[in-house]
Every structure is written in C-alpha cells, then in structure tokens.
Amino acid sequence: MTKTKPSPVRAFPVVTSEEHNGGMWLRDYFAAAALTGILARHGTTNSGTPSTDASDAYAVADAMMSRREM
C-alpha cells in the first residue's frame, strides 16, 4: 500500500467573507493535547511505540468528542 503525504492544514482558521481557509479539526487538537499528557506522564512513549501512543491519544480525543455531543 502506498502512503500519500497529507495536505498541509492551518492550525488556526482564517475566515473571510468569501472562503473558509482551513484550520485544525477539534478532534486533532484534542489528540495533540492528549498526546502531550501521555508523553509527559511517562517521560517517553507509553507503550514503546509512537504509533500506539498516537492511537491512544485519538481514543482520548474520540471520548472527548463524544462527551461534547451529550
């Protein structure tokens, strides 16, 4: 399977009257915050693999998104 490079996305949106120019999705923001906590708590990766830590961070982000919908 060939991986493609993701398109660059602005971290904070710029909105004009004509167009919305992107920005960071709230789920990604939550995952970044969760990953910061995971790495700070353990001093390194939680599981020994960055991929698992990223999955854990997105699991936390998904839980946070679910709570927002309640």
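The values are calculated or read from the model by the stated rules, or taken from the named source; none is laboratory data. Only a predicted model underlies this, so the values are computations on that prediction, with no experimental measurement involved. Note that we place each Cβ from the backbone using ideal geometry, even for glycine, and neighbour counts take in every protein chain shown. For accessibility, only protein heavy atoms count, side chains too; no ligands or nucleic acids. Shrake-Rupley method; radii C 1.70, N 1.55, O 1.52, S 1.80 Å.
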It is to be established whether one or more residues within segment 30-46 are among the charged types (D, E, K, R), at pLDDT 70 or above, out of contact with any Leu (no Cβ under 8 Å at 6 or more places or on another chain) and open to solvent by less than 80 Å² (accessible area, probe 1.4 Å). no
Cβ contacts < 8 Å: first residue free of Cβ contacts under 8 Å to residues at least 60 places away in the same chain, restricted to segment 48-65; second residue surrounded by 12 or more Cβ atoms within 10 Å (Cβ to Cβ) and among the acidic types (Asp, Glu), any location; separation 6+ or different chain. Result? 61/28
